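The values are calculated or read from the model by the stated rules, or taken from the named source; none is laboratory data. Note that the structure is a prediction, hence the values are computed from the model and not measured. Cβ atoms come from the backbone with ideal geometry, glycine included; neighbour counts cover every protein chain shown.
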Amino acid sequence: MNSRTFMISMMTFLLLSVTLYTLIGIYVIEWETSTISLELILRKYISHGRGMFLLSIDTNSTSEAGGNQLIDIFFLINSLTGVFCRQSMAVFINAIIILNALILWSSVKGFKTLIDLHSSDKDGNKDTNFATDFELITNYDAIKKLSSLINAAMSRIFFLFVGEALLFYSTNLNSLLVGSSKIDKFRKSIYLIEFVSVLFLCGEICKVLEDAVGQWAYQSVVLDSTNTMSGKGYFNVLINEAKSHVCGIN
């Protein structure tokens with residue numbers, strides 16, 4: 001499966017999950033305490049829509065007059081649209097952030113693989129696939145450019161993502177254990193796993209790149225005295241950049 005097919009498949013799955021989540025009415029119904037029916041889902045959404053306009057909420061009443069029915073239809077459409085947009089925003093922002101973290105993480109891991117092949121050649125284990133110093137520099141610059149482009153596009157969104165998650169889980173972490181429905185606990189657990197995964201990937205990106213550059217410098221400067229780059233301060237610059245996390249999501 002190529003990257004384009006994977007992206008289309010994943011986005012289609014997310015769109016379907018949000019649509020089903022909205023239509024089934026999970027957002028407004030406690031599954032453990034309610035008998036699910038189409039009428040109940042519609043009344044719950046109408047009630048939710050009335051609450052958005054600070055009107056009285058009565059989930060048990062039904063509208064008889066044509067005018068009231070039109071108003072209830074308005075509240076229903078408004079509520080469904082609002083829930084769908086809110087859930088779409090949450091799901092797709094999380095997915096985009098995780099995808100960007102995975103893209104940069106996989107690039108850094110690929111660079112680490114090139115360093116390992118380069119080191120095996122320095123140790124005398126000849127491998128026809130090893131990368132030269134020039135190729136490693138080219139790949140390192142490409143990773144920095146990729147990191148810069150991701151941060152230019154996503155830094156503000158990532159800041160809001162982290163800020164919202166910290167504020168939410170600092171006061172609502174107990175809701176994962178008590179006081180909410182199983183469906184709600186499951187959803188919040190998924191969001192928590194996504195948040196922790198993003199933080200782990202961001203830390204791993206910096207750590208792997210720092211280790212890779214350190215390994216490259218050691219092999220080229222200490223074990224290869226004939227390396228022309230070692231006497232020009234290149235590796236001092238590379239090590240300082242890696243330790244200052246020039247490549248990463250911030």
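Structure summary
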| item | result |
| --- | --- |
| Qualifying residue in the range 67-76 (condition: in a helix (DSSP H, G or I), at pLDDT below 75 and in contact with a helix residue (DSSP H, G or I) (Cβ under 8 Å, 6 or more places away or on another chain)) | no |
| Only one of VAL18, VAL91 that is surrounded by 14 or more Cβ atoms within 10 Å (Cβ to Cβ), in a helix (DSSP H, G or I) and modelled with pLDDT under 85 | VAL18 |
| Number of the exception - GLU30 against (1) at pLDDT 70 or above; (2) under 35 Å from the mean Cα position of the chain (by Cα) | (1) |
| Meets criteria (within 21 Å of ILE77 (Cβ to Cβ), surrounded by 11 or more Cβ atoms within 10 Å (Cβ to Cβ) and either at pLDDT 80 or above or among the basic types (Lys, Arg) (or both)) for GLY25 | no |
| Cβ-Cβ under 8 Å pairs, at least 6 apart or on other chains, the range 129-150 side closer than 14 Å to GLU241 by Cβ, far side among the acidic types (Asp, Glu) | LYS144/GLU241 |
| Which numbered condition THR62 fails, given (1) assigned to a helix (DSSP H, G or I); (2) exposed (fewer than 14 other Cβ atoms within 10 Å of the Cβ); (3) modelled with pLDDT under 85 | (1) |
| Of the criteria (1) surrounded by fewer than 16 Cβ atoms within 10 Å (Cβ to Cβ); (2) at pLDDT 80 or above, which one LEU238 fails | (1) |
| Verdict on VAL208 being closer than 23 Å to VAL91 by Cα, modelled with pLDDT of 90 or more and not aromatic (Phe, Trp, Tyr) | no |
| Any chance SER106 is under 14 Å from CYS247 (Cβ atoms), surrounded by 14 or more Cβ atoms within 10 Å (Cβ to Cβ) and modelled with pLDDT of 90 or more | no |
